[in-house]
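Remarks on the structure that follows.
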């Protein structure tokens, strides 16, 4: 099954979720819907070609889902929307002072795994 994972900029949550699902046997791609203008960080934009390729589209945040739906046509594909943020200011207090990498390992990634669990296996 071909799965497209989408987050804001295609650099963190969608990338991790695509890697996680690839480990479970899915063919994956990832990307973002908000351009990011930092030369040292290369964002990975979603394209209509990626959307057309996918059988299932997973959007990791409701806010991102609204942006996605305004830009792309899904042609009746299965779309799953979570509400997983990677903002430390929105996380519980005990996670707010961690380094970025530790925050991802201890908060964001576990939240993504928890969010996808009820939908596995995909396509059922």
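Do we find a residue being in a loop (DSSP other than H, G, I, E, B), buried (at least 19 other Cβ atoms within 10 Å of the Cβ) and touching a helix residue (DSSP H, G or I) at 6+ places or on another chain (Cβ under 8 Å) anywhere in the range 20-43? Talk me through it step by step, then tell me what you get.
Restricting attention to the range 20-43, the residues satisfying the condition of being in a loop (DSSP other than H, G, I, E, B) are 23-26, 33-43.
If we keep only those that are buried (at least 19 other Cβ atoms within 10 Å of the Cβ) as well, we get 26, 33.
Among the residues that remain, those that are also touching a helix residue (DSSP H, G or I) at 6+ places or on another chain (Cβ under 8 Å) are: 33.
Checked against the condition, which is being in a loop (DSSP other than H, G, I, E, B), buried (at least 19 other Cβ atoms within 10 Å of the Cβ) and touching a helix residue (DSSP H, G or I) at 6+ places or on another chain (Cβ under 8 Å), the range 20-43 yields at least one hit.
Going through (1) outside any loop (DSSP other than H, G, I, E, B); (2) within 15 Å of the chain's Cα centre (by Cα); (3) surrounded by fewer than 19 Cβ atoms within 10 Å (Cβ to Cβ) one by one, residue 49 falls short only on (2). Listed by first and then second residue, the pairs linking a residue in the range 16-41 that is free of Cβ contacts under 8 Å to residues at least 24 places away in the same chain and at positive phi to a residue that is surrounded by 13 or more Cβ atoms within 10 Å (Cβ to Cβ) and part of a loop (DSSP other than H, G, I, E, B), with Cβ atoms under 9 Å apart and 6 or more places separating them unless they lie on different chains, are 25/1. Scanning the range 82-99 for residues that are free of Cβ contacts under 8 Å to residues at least 12 places away in the same chain and either touching a helix residue (DSSP H, G or I) at 6+ places or on another chain (Cβ under 7 Å) or assigned to a helix (DSSP H, G or I) (or both) turns up 89, 90, 93, 94, 96, 98.
Within the range 63-81, the only residue that satisfies the criterion of being in contact (Cβ under 8 Å) with a residue 24 or more places away in the chain, in contact with a helix residue (DSSP H, G or I) (Cβ under 7 Å, 6 or more places away or on another chain) and farther than 14 Å from residue 48 by Cα is 80.
Given the criteria loosely packed, with under 15 Cβ neighbours inside 10 Å and outside any helix (DSSP H, G or I), does residue 73 qualify? Spell out how you get there, then give the answer.
Values: loosely packed, with under 15 Cβ neighbours inside 10 Å: yes; outside any helix (DSSP H, G or I): yes.
Yes: the conditions hold for residue 73.
The numbers here are math on the coordinates, done by the rules we state, and not lab data. The shown structure was predicted, so the numbers you read here are calculated from the model rather than taken from an experiment. Neighbour counts are summed over all protein chains in view; Cβ atoms, including those assigned to glycine, are modelled from backbone coordinates with ideal geometry.
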